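Colleague: Okay, here's the structure, questions in a sec.
Each reported figure results from applying straightforward, stated rules to the coordinates on display, with no laboratory input. Everything numeric in this text was worked out from a predicted model, so none of it was measured. Note: ideal-geometry Cβ built from the backbone for every residue, glycine included; neighbour counts use all protein chains shown.
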Amino acid sequence: MWNLCQLTRLNELLNLSEAAAYLGCAERTLRKLVDRSRLRLRGCPVQGPTIQFFQAHPRGSIRFRSAWLDAYIDAGTHQPKDAPLLTRTVPTVKTLSTSGFNQTLLDL
């Protein structure tokens, strides 16, 4: 059963600097991520990850729930055991005749 302190903590909103510290990135990086997310919300095609955030009005402060930040971390987490193993292929080298004349060059 959840106690009141845990429920309050789950619903607590973090500001931009707290969220950046939570993610271990610079505030500028997180602000760029929010800008990219805004573009995607407007229907613009964007490349790269986006993040869920709350902003009451255009000039209001940007807030994040820790669950949203955790979802962002989980989306960007790659498990090495799930990645396919790469195999190295050695190219075969075709040897040319050593007589000095190659008939295949004339056959076009």
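Colleague: Which order results if R40, R59, R65 are arranged by neighbouring Cβ count within 10 Å, fewest first?
Modeller: Ranked by crowding around the Cβ, least crowded first: R59, R40, R65.
Colleague: Go through the stretch 59-65 residue by residue and turn each phi into a ³J(HN,Hα) via Karplus (6.51, -1.76, 1.60, θ = phi - 60°); whole Hz please, and just put x for glycine and proline.
Modeller: 9, x, 6, 8, 10, 9, 8
Colleague: Collect residues whose amide H, placed 1.01 Å from N in the peptide plane, falls under 5 Å from the amide H of I62; neighbours closer than 5 in sequence don't count.
Modeller: For I62, whose amide H was placed from the backbone, the distant partners under 5 Å are L16.
Colleague: When T104, T87 are ordered from fewest to most other Cβ atoms inside 10 Å of their Cβ, what list results?
Modeller: T87, T104
Colleague: Could you work out Rg/(2.2 N^0.38 Å) for the stretch 14-77, with Rg from alpha carbons only?
Modeller: Compactness ratio reported: 1.05.
Colleague: Rounded to the nearest 0.05, what FRET efficiency do C25 and H57 have when you use their Cβ-Cβ distance and R0 = 41 Å?
Modeller: 0.95
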